[in-house]
Structures are given as C-alpha cells and as structure tokens.
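Asker: Structure provided below as structure tokens; questions to follow.
The values are calculated or read from the model by the stated rules, or taken from the named source; none is laboratory data. As the structure is a prediction and not an experimental result, all values here were calculated from the model. When we count neighbours, we look across all protein chains shown, and the Cβ atoms used for this are built from the backbone with ideal geometry, even at glycine.
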Amino acid sequence: MPRRFQRSLLLLAVILEVTALVRAQVARAQAPAVARDTWLAESGEASISFNPDALQALGISVESVKDPIERVPGAAGVRYDITRFSAPSAGSLRVFHSGARVLGFGEGHLAFPGGLLLTHASGTTDLRGFAIKAAAGDAFGIEIADARGVVWFTADHAHAGFEGDAQDMLWMRHMNLRLSQHFADVLGKSEQGGYPVGGLAFRMHVASTDASHGPGDPPCTSPWPGGGRDTDIQMIYEPNGVGSSGFADTVIARRCALPPVEDGNACTAASTNGEVVITPDSSLRNIGETGVAWYGKFQGNFPPYNNDQHPYLIWNLYRVDAAGRIKQIGASAVKHAFYTVNWNCSCAPGNVIHPTCEDTYSFSSNDNSPDGDVQQYQALAPRGEIVPKSALWGRCGSVFDANCDGAMDAGSGAQDLYQYRLLATERDMLPPLSDNAQYFLEYWYVARDDQNIYDSMAYRRIWPRKTGAVWSIGLTAAGGSVDDGNFFQGPVVNHWIDPVAPPSHSMNRELATPLGTARVAVKATNLGSGRWRYEYAVMNLDYAHAAIDPAHPTSPNLRVLSNHGFARFRVGTDSGTTVSALRFDDLDDNAANDWSATTTGGRVSWNAPSGNTLDWGTLYHFEFTADAFPSLNGTITLVGAAAAGEPEIPYTLGILGPPSDTIFANGFDS
C-alpha cells in the first residue's frame, strides 16, 4: 500500500475520532441542567479491607478490633484483612444526588462506635469510634478520621448507587483506600502519603431533607449495536477533580513478595527477585451511538445477546531499554467488568453504558478487592477463556464454572493475592536493567461490537521506584509534577514506532485477519561495515484461533477448549544474506520456553514451543543482524496456531526489512 494512501486512511481515522468526540460534547451541552437534591444519612455500615502485604511493608499491624459485625483476619499473600462495622446512628452526612445519580457529599459525617487499633513503629493509631466524612473541596473524596477528627486514611474511585424497595439505601463500593499524608508523616515515611493500603465500601440509609422525590429516574434507552450504528468504547484519563472518582487515575504497585509468593514472603530492601503486583485505575467513555451491555457474570441472560455480556479489561507492562529494545515484562489476566456508574450523562448507573456516559474502575476493584462484604468479588480469570475478536467468554469450563452448570462455583477464581495479577519481577525494574530505560503501562477494554479497538486501549509512561522494601509507581520523573498529558490512546508498540511518522529505517503496519488483528513494527539500525540490526516487535492485539467444544458451541454456555495466537514468525531474506546474532524476547527470562530459531531457505524463522504461542494482548520481540541494507520490499509471515486436526494459517505482510531479491541488495530502492 503506498505511504500516501496509508496516511490518508490514518487522517480519516483521526477525523472520525474527532467527530465522535464533538458529538459527545454536543450531547452533553444539550443535556438538561442537573437538579440537585440533598439527603441525610441515618444509619449504615462500612467495610474496611487492608492489603496485608502493604501493611507488612509499612510496618503496620492490626492490634485489635472493637465491635465488628463480621471479620476475616488477613493473611499475607493470601487474603485481605476485612472488617465490617455498623453505624446504628450514622450522624448527619449530607448526600447530593439527582435522581438515581450520586453527585457527592457535603458537610457532616458517618459515626461508627466500633473500629480498629493499629500499631506501628511510631506508636498506635486509634480508630475506635472512627468517622467517615467528605474530603474538603472534593465531592467524591472520602476521609476516615479518628474520634478527634484527625484524618488517617483517604478513599477514592467509588462505584455508587441506590438500592432497596424505596431506593433509600446508598452504597459506595470498590474505593481505593490510601494512607493520609498525616499518617505517612507519623510513620516517618512522608513520601508514602497517598500510598494504597486496601479498599473501602459503605452503605447507609438516607432520607430526604425537603420531602423531595426519591432517587428514581426514568431509565435511559439506547439502540443496541447493529443497523449501521457506531459502537465505540474509548479509554480516557480522569485527572484531579474530573469525573466520578474524586482522584486522578493512577497506576499502583499493590504488593511485593518473594517466590513462592503464596507463603507471604515479603520483599526486602535488598531483594531483587520479588514479584511486584501492578494495577491501574481505568476510566472510559461511550463515544458511540449504541448502548453497550455491562452485565456481571452469572447475573442472568439479558439483551441484546441473551447472555451475561460485559467488557473485559487487561493491562500490560513494557520496558524500552537503553539500547531502544522493547520487551513486555508483565501481563495481567482478564478483569471481568460488572457495573457502570454512567457519569457525566443523564443516565442512572446500572448494567448498560449509554452514549456519552463515562465509567471508572478503581485499582482496588481491578485488584480483585472485596466489594463491601467479607467475601472478595472474584473478577479475575485467564485470558485464554476469552475469544477477543468477538469478545465472547467461554463461561462453561472456566475457572468460575468448572462443571458447566451455569452457576458460579464456590471458592472459584483467584486463590491468593498474586494469582491472575500483573506480576513484574523486581530485577526488571532495578539497575542495571532500569538504567536509562523507559517503562510503559498499557491497558485495554475489550467490548463486543466495538468498531475501533485502538481508542479502547491506552498507555502512559510510568516510573517504578523502590524505597526500602516498598515499591511505588511514579507518573512523572522524580521531583516533577504529575503530567496529565502523559496519556496516549493506542498500543505501546505505536509509541515504539509511530505508524504515522516512523523514524528513518523503521515501519509499523497492521495485519488484519478474519480471526483478529496484529501489528508488526520493525526498526533497522546501521551497525557499520555493511551490517544492520533488524528488530521486530510483534503485538498480537486480538488474534486467536479458538477451538470450541461442539457440545457447548454458543453463549451463554460457550466452552473454549483452546485459544492460541501465532506459532511461527518468519522474515524473508535474500539467499545470499548472512544472518547472525539471533535474539528472542518474551514475557519471562525462562530460556526453556524461548522460540527456536533457524536461518535456512532464504528466511529467518522462529517457532514456538508447546505452551508459549504469541497469544492475544501480548508482544514478542525478534532480532537478528544481517549484511543487507533495509528495503521496502521486505516481508514477514506470521503463522496462526492450529487447533487439533486443523491446518496452520499463514499470513504474509510486506514491510521494511532485508531485501528478499538480490536486485534490491544495494538499497537503491530506499
């Protein structure tokens, strides 16, 4: 395809995206003004969940608990420390709402007679008789204060809604719980102000102050996908004070443990082989013309697909080293979405996100944290259960429904605080590998019928840091202020090589197939003396060759027997080209599962061993040195993994590379 035509297509895509954004902004501008009602809290309950690994790293312990309704003591590496408390007479916390939409909180507080006594190296923190109140100047920020009014924790990124026959029970769930700056100062760790330590959820009975109507709004209606209408979920960034979160979207190091991580063997100041759990907040907007189903798993079968359809979230971690090589060093499992707050629109929260509405998921929720009860909401599961191109979930035989009875199995899902998380090995983020390196966190919502996957994914540069035994993730270089512009739509491979304006001797092309999409980016570096280093970053976006159980061929009881991506990667070369210094980089440092390489028949080939195909949402890096000038007539071939009894499927893509014909060997075509 000529470059001029490629650029025209990219310009058209940009115009369509801008048009969608303008349409969403116009819809908001035309929406009626929000009428705000005020209710007062009467009574309630709260659940405080601590990440035991985070407490251990900070030297904090739960010494005692007063008057809990329910409690599950924490176990490092295994389960959260969860306690539920009652507030028989909640106090006078004001709740602002418009119909079924919670708008924030005003003056007052929720008072709890029970509470926690925490111990640490600096003494004790007495939260017996604690209170929950609104953070100053922040409609959705929450603070936890002791009986004297001293703030020890803050909370943000809530899912909120009303329930009960009279819709007079307000709930706030999946909130991020953080150290207050005061608590960090008391610990002598001022740099840890805002450090995430767990989750918060609460429910409260509310009553009107002016006999106004209850929080019942006429339901929003939207057309379902199809009929030529555009369906488009866009990943967005929520800075401070915008949206429903009350806190800027962040990326968090949740915990760190030494293998075997299930033993709760915490990382130390000197450790280099610990596994660091990294999790993002994630926010999105429906910029399309249709509603998108957002039903939690096992809730039932609903329109438009007669199943429990919902989007899925994944996130990846990459390092670009001092030499410019890109390597994926972490990958999460799938987070199953289950609810949308429908913020910044006139629609009530629920299980359909309507056009122009926004939603957010906290890092606490994305980390599989408790949802307000003492049991965790199990939302994480392997990627191999999803057919990404169609966004179908193989519920039958999944980690949640092993016996295919359509009900969630007791005790299913993640069995500890490390399973199915993004795990980054410490040494990948420490010197010498971190010297002059850049790190990027990429995240992506996979939604059914989404017609633009590139704006459903995004990335931002991050700065992993270790202080003593504690890992944190900076969103700017040390000493700088948070850069709200450090957020980019698309995959990280498009940062490595810009497909619109690639540097000299590089290219980034899409491979579109009926089974999904991949991107191949190549960079050629002149080593002198006629030698060139060729690097190929192959990003499998949503390509998968799924084998489906004939006994369970359709959703809601679909069963995915296998679900693999690419099994071979080939680069064409001229038969006279000398190739050396072959290199392969996958997610781990295990040489036993590396792809094997050969240089015969006028091509360089890598073949996947059993169990390490290039599956969806994953990037592998291939490299070699050749005595050939880069040419525009280069080719690569990706071969799709075959299900049992089926043939492999090869896909060839023209891209910059060594010439595959001797007429181009001198580089006259470049």
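Asker: If you check GLY91 against the conditions, is it in contact with a helix residue (DSSP H, G or I) (Cβ under 8 Å, 6 or more places away or on another chain) and on the phi > 0 side of the Ramachandran plot?
Answerer: Numbers: in contact with a helix residue (DSSP H, G or I) (Cβ under 8 Å, 6 or more places away or on another chain): no; on the phi > 0 side of the Ramachandran plot: yes.
Spelling it out, it is not the case that GLY91 is in contact with a helix residue (DSSP H, G or I) (Cβ under 8 Å, 6 or more places away or on another chain) and on the phi > 0 side of the Ramachandran plot.
Asker: Okay, next question. Would you mind finding the one in ARG465, ARG421 that is buried (at least 17 other Cβ atoms within 10 Å of the Cβ), touching a strand residue (DSSP E or B) at 6+ places or on another chain (Cβ under 8 Å) and of a type in the set (Lys, Arg)?
Answerer: Going through ARG465, ARG421 in turn, just one is buried (at least 17 other Cβ atoms within 10 Å of the Cβ), touching a strand residue (DSSP E or B) at 6+ places or on another chain (Cβ under 8 Å) and of a type in the set (Lys, Arg): ARG421.
Asker: While we're here: Determine which member of the set GLY216, GLY246 is under 23 Å from ASP156 (Cβ atoms), at pLDDT below 90 and assigned to a loop (DSSP other than H, G, I, E, B). Please lay out each step first, then the result.
Answerer: Details: GLY216 fails: under 23 Å from ASP156 (Cβ atoms).
When all the criteria are applied, what remains is GLY246.
Asker: Here's a follow-up. For SER412, state whether it is buried (at least 20 other Cβ atoms within 10 Å of the Cβ), modelled with pLDDT under 95 and within 29 Å of LEU258 (Cβ to Cβ). Steps first, answer last, please.
Answerer: Values: buried (at least 20 other Cβ atoms within 10 Å of the Cβ): no; modelled with pLDDT under 95: yes; within 29 Å of LEU258 (Cβ to Cβ): yes.
For SER412, the condition - buried (at least 20 other Cβ atoms within 10 Å of the Cβ), modelled with pLDDT under 95 and within 29 Å of LEU258 (Cβ to Cβ) - is not met.
Asker: Taking segment 118-165 only, how many residues are closer than 30 Å to PRO280 by Cα and in a strand (DSSP E or B)?
Answerer: Of the residues in segment 118-165, 23 are closer than 30 Å to PRO280 by Cα and in a strand (DSSP E or B).
Asker: Please list, ordered by first then second residue, the pairs with beta carbon atoms under 9 Å, 6 or more apart or interchain, first in segment 89-107 and of a type in the set (Asp, Glu), second assigned to a loop (DSSP other than H, G, I, E, B).
Answerer: As it stands, the answer is GLU107/SER92; GLU107/LEU93, since those pairs meet every condition given.
Asker: Continuing with the same structure: If you check LEU441, LEU380, which single one turns out to be within 29 Å of THR554 (Cα to Cα) and crowded, with 21+ Cβ neighbours inside 10 Å? Give the derivation first.
Answerer: Numbers: LEU441 fails: within 29 Å of THR554 (Cα to Cα).
Going through LEU441, LEU380 in turn, just one is within 29 Å of THR554 (Cα to Cα) and crowded, with 21+ Cβ neighbours inside 10 Å: LEU380.
Asker: Restricting to segment 527-543, name every residue that is in a strand (DSSP E or B) and under 30 Å from TYR443 (Cβ atoms).
Answerer: Residues of segment 527-543 in a strand (DSSP E or B): 527-528, 531-540.
Selection gives TYR534, GLU535, TYR536, ALA537, VAL538, MET539, ASN540.
Asker: Applying the selection to segment 556-596, what residues are free of Cβ contacts under 8 Å to residues at least 24 places away in the same chain and either outside the structural domain of VAL639 (by TED's automatic domain parsing) or small (Gly, Ala, Ser) (or both)? Quick ask: steps written out before the conclusion?
Answerer: Taking segment 556-596 first, the residues free of Cβ contacts under 8 Å to residues at least 24 places away in the same chain are 588, 590-594, 596.
Passing the criteria: ALA591, ALA592, SER596.
Asker: Conditions first: (1) crowded, with 17+ Cβ neighbours inside 10 Å; (2) within 27 Å of ALA323 (Cβ to Cβ). ASP588 passes all but one, so which condition is the exception?
Answerer: (1)
Asker: Could I ask something else about it? Can you report the number of residues in segment 54-113 which are of a type in the set (Ser, Thr, Tyr), within 30 Å of ALA469 (Cβ to Cβ) and surrounded by fewer than 19 Cβ atoms within 10 Å (Cβ to Cβ)?
Answerer: Applying the first criterion (of a type in the set (Ser, Thr, Tyr)) to segment 54-113 yields 61, 64, 80, 83, 86, 89, 92, 98.
Subset that is within 30 Å of ALA469 (Cβ to Cβ): 61, 64, 80, 83.
Filter once more, keeping what is surrounded by fewer than 19 Cβ atoms within 10 Å (Cβ to Cβ): 61, 64.
Matching residues across segment 54-113 total 2.
Asker: Just to be sure I understand the filter: pairs with C-beta atoms under 7 Å, separated by 6 or more residues or on different chains, first member in segment 53-72 and assigned by TED's automatic domain parsing to the domain that holds LEU179, second member among the hydrophobic types (A, V, I, L, M, F, W, C) and in a helix (DSSP H, G or I). Which pairs pass?
Answerer: SER61/LEU55
Asker: To continue, here is another question. How many residues, within segment 56-90, are under 31 Å from the mean Cα position of the chain (by Cα), assigned to a strand (DSSP E or B), farther than 14 Å from PHE202 by Cβ and polar (S, T, N, Q)?
Answerer: Total satisfying the criteria: 1.
Each row is one residue, and each column tells you yes or no for (1) in contact with a Leu (Cβ under 8 Å, 6 or more places away or on another chain); (2) surrounded by 17 or more Cβ atoms within 10 Å (Cβ to Cβ); (3) closer than 28 Å to PRO388 by Cα.
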| residue | (1), (2), (3) |
| --- | --- |
| GLY565 | yes, yes, yes |
| GLY602 | no, no, no |
| SER610 | no, no, yes |
| GLY640 | yes, yes, yes |
| PRO658 | no, yes, no |
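Asker: Evaluate the following for LEU118: is it of a type outside the set (S, T, N, Q), more than 30 Å from TYR420 (Cβ to Cβ) and either touching a residue at least 24 places away in the same chain (Cβ under 8 Å) or surrounded by 18 or more Cβ atoms within 10 Å (Cβ to Cβ) (or both)?
Answerer: Details: of a type outside the set (S, T, N, Q): yes; more than 30 Å from TYR420 (Cβ to Cβ): no; either touching a residue at least 24 places away in the same chain (Cβ under 8 Å) or surrounded by 18 or more Cβ atoms within 10 Å (Cβ to Cβ) (or both): yes.
Judged against the criteria, LEU118 is not a match.
Asker: Right, next: Checking TRP315 against (1) aromatic (Phe, Trp, Tyr); (2) in a loop (DSSP other than H, G, I, E, B); (3) within 23 Å of GLY199 (Cα to Cα): exactly one of these is not met. Which one?
Answerer: (2)
Asker: Show me the strands (runs of 3 or more DSSP E) entirely contained within segment 402-482 in which 2 or more residues are of a type in the set (Gly, Ala, Ser). Show your work before the answer.
Answerer: Details: elements: 423-425, 438-446, 457-467, 470-474.
Where strands (runs of 3 or more DSSP E) fall fully within segment 402-482 and carry at least 2 residues being of a type in the set (Gly, Ala, Ser), they are 470-474.
Asker: In segment 184-208, what count of residues is obtained for those that are out of contact with any Leu (no Cβ under 9 Å at 6 or more places or on another chain) and crowded, with 23+ Cβ neighbours inside 10 Å?
Answerer: Number satisfying all stated conditions: 1.
Asker: Identify all residues within segment 185-211 that are in contact with a Phe, Trp or Tyr (Cβ under 7 Å, 6 or more places away or on another chain) and either aromatic (Phe, Trp, Tyr) or not in a strand (DSSP E or B) (or both); write none if there are none.
Answerer: THR209 - this is the single residue of segment 185-211 that is in contact with a Phe, Trp or Tyr (Cβ under 7 Å, 6 or more places away or on another chain) and either aromatic (Phe, Trp, Tyr) or not in a strand (DSSP E or B) (or both).
Asker: How about segment 276-329: which of its residues are surrounded by fewer than 18 Cβ atoms within 10 Å (Cβ to Cβ) and not polar (S, T, N, Q)?
Answerer: First pass over segment 276-329, keeping only residues surrounded by fewer than 18 Cβ atoms within 10 Å (Cβ to Cβ): 289, 296, 298-304, 306, 321-324.
Correct list: GLU289, GLY296, PHE298, GLY300, PHE302, PRO303, PRO304, ASP321, ALA322, ALA323, GLY324.
Asker: Taking segment 168-183, which residues are of a type outside the set (Ser, Thr, Tyr) and either crowded, with 18+ Cβ neighbours inside 10 Å or within 20 Å of SER369 (Cβ to Cβ) (or both)?
Answerer: Taking segment 168-183 and keeping what is of a type outside the set (Ser, Thr, Tyr), we get 168-179, 181-183.
Passing the criteria: LEU170, TRP171, MET172, ARG173, HIS174, MET175, ASN176, LEU177, ARG178, LEU179, PHE183.
Asker: Just one of ASP308, ASP321 is of a type in the set (D, E, K, R) and either in contact with a Gly (Cβ under 7 Å, 6 or more places away or on another chain) or over 28 Å from LEU423 (Cβ atoms) (or both); which is it? Reasoning before the result, please.
Answerer: Numbers: ASP321 fails: either in contact with a Gly (Cβ under 7 Å, 6 or more places away or on another chain) or over 28 Å from LEU423 (Cβ atoms) (or both).
Step by step, each of ASP308, ASP321 is checked, and only ASP308 is of a type in the set (D, E, K, R) and either in contact with a Gly (Cβ under 7 Å, 6 or more places away or on another chain) or over 28 Å from LEU423 (Cβ atoms) (or both).
Asker: For segment 83-116, which residues satisfy the criterion of being among the hydroxyl-bearing types (Ser, Thr, Tyr) and at pLDDT below 90?
Answerer: SER89, SER92, SER98
Asker: Let me ask something additional. Given (1) in a strand (DSSP E or B); (2) at pLDDT below 95; (3) over 17 Å from TYR534 (Cα atoms), identify the lone condition not met by THR599.
Answerer: Of (1) in a strand (DSSP E or B); (2) at pLDDT below 95; (3) over 17 Å from TYR534 (Cα atoms), only one is false for THR599: (3).
Asker: Answer yes or no: is there a residue in segment 386-394 that is crowded, with 24+ Cβ neighbours inside 10 Å, under 28 Å from HIS564 (Cβ atoms) and among the β-branched types (Val, Ile, Thr).
Answerer: Among the residues of segment 386-394, at least one is crowded, with 24+ Cβ neighbours inside 10 Å, under 28 Å from HIS564 (Cβ atoms) and among the β-branched types (Val, Ile, Thr), which makes the answer yes.
Asker: When the residues of segment 150-181 are filtered to those that are over 22 Å from ALA253 (Cβ atoms) and at pLDDT 95 or above, which remaining residue is nearest to the chain's Cα centre (by Cα)?
Answerer: VAL151
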